[in-house]
């Protein structure tokens, strides 16, 4: 594998975790990676708490929106090299068949959007999810992808999901 890689982060609602992952990878992974996010049942909104975490990390938020994974299964959509599910619900659902047979992995991240409690508890859940995603994405970016074969890359991205 060589060149520029397209990565799709999937979740159910596409309102928090997958959006944060998209923002992190688009900033940290440029120019070699382009990240996208989508949901199987998109919420139609991006959670303000997710946007706040992205802004606090001084990452761009322009263009971030909640969207369906069907958008990326259409003719003319970018061909994906990697597809990561970031929530348990998405991992249990049947994902569409992606053209080009991208590598897939499940990076389960607790859903901060499901947390109830005080504003501080909710903010903490979003912050923890953001840092977990940032760590896993940083590990992905450390892989010598261009020099690894497909099986080696798959093993490594599976390991990252377990950390």
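What tally of residues in region 111-125 results from selecting those that are surrounded by 15 or more Cβ atoms within 10 Å (Cβ to Cβ) and within 14 Å of residue 14 (Cα to Cα)?
Residues meeting the conditions: 3.
So the check is Cβ under 6 Å with 6+ separation or different chains; which pairs have a first residue in region 101-116 that's free of Cβ contacts under 8 Å to residues at least 12 places away in the same chain and a second one that's not in a loop (DSSP other than H, G, I, E, B)?
115/122; 115/125
Residues in region 129-146: is at least one without any contact (Cβ under 8 Å) to a residue 12 or more places away in the chain, within 25 Å of residue 15 (Cβ to Cβ) and within 16 Å of the chain's Cα centre (by Cα)? Talk me through it step by step, then tell me what you get.
Of all residues in region 129-146, those without any contact (Cβ under 8 Å) to a residue 12 or more places away in the chain come to 131, 142, 144.
Still in the running and within 25 Å of residue 15 (Cβ to Cβ): 131.
Then keep just the ones that are within 16 Å of the chain's Cα centre (by Cα); that gives 131.
Within region 129-146, one or more residues are without any contact (Cβ under 8 Å) to a residue 12 or more places away in the chain, within 25 Å of residue 15 (Cβ to Cβ) and within 16 Å of the chain's Cα centre (by Cα).
Please go through region 1-33 and give me each residue that is surrounded by fewer than 18 Cβ atoms within 10 Å (Cβ to Cβ) and either touching a strand residue (DSSP E or B) at 6+ places or on another chain (Cβ under 8 Å) or not in a loop (DSSP other than H, G, I, E, B) (or both), ordered by number. Before you say what the answer is, go through the steps one by one.
Here is the first cut: in region 1-33, the ones surrounded by fewer than 18 Cβ atoms within 10 Å (Cβ to Cβ) are 1-4, 27-28, 30-32.
Listed by number, the residues that qualify are 4, 27, 28, 32.
So for region 141-163 (the condition being surrounded by 15 or more Cβ atoms within 10 Å (Cβ to Cβ), part of a helix (DSSP H, G or I), in contact with a helix residue (DSSP H, G or I) (Cβ under 7 Å, 6 or more places away or on another chain) and modelled with pLDDT of 90 or more), does at least one residue qualify?
No - not one qualifying residue is present in region 141-163.
Could you list, in sequence order, all residues of region 46-62 that are in a loop (DSSP other than H, G, I, E, B) and under 14 Å from residue 20 (Cβ atoms)?
Residues of region 46-62 in a loop (DSSP other than H, G, I, E, B): 46-47, 57-62.
If the condition is that a residue be in a loop (DSSP other than H, G, I, E, B) and under 14 Å from residue 20 (Cβ atoms), then 46, 47, 57, 58, 59, 60, 61 are the ones that fit.
Among 116, 104, which is the only one that is within 26 Å of residue 30 (Cβ to Cβ) and not in a helix (DSSP H, G or I)?
104
Could you list, ordered by first residue, the pairs with Cβ atoms under 9 Å in which the first is in region 46-61 and free of Cβ contacts under 8 Å to residues at least 60 places away in the same chain and the second is in a helix (DSSP H, G or I) and surrounded by fewer than 15 Cβ atoms within 10 Å (Cβ to Cβ), at least 6 apart or interchain?
61/55
The values are calculated or read from the model by the stated rules, or taken from the named source; none is laboratory data. Predicted, not measured: the structure shown is a model, and the values here were computed from it. Glycine also receives a Cβ, built like all others from the backbone with ideal geometry; neighbour counts cover every protein chain displayed.
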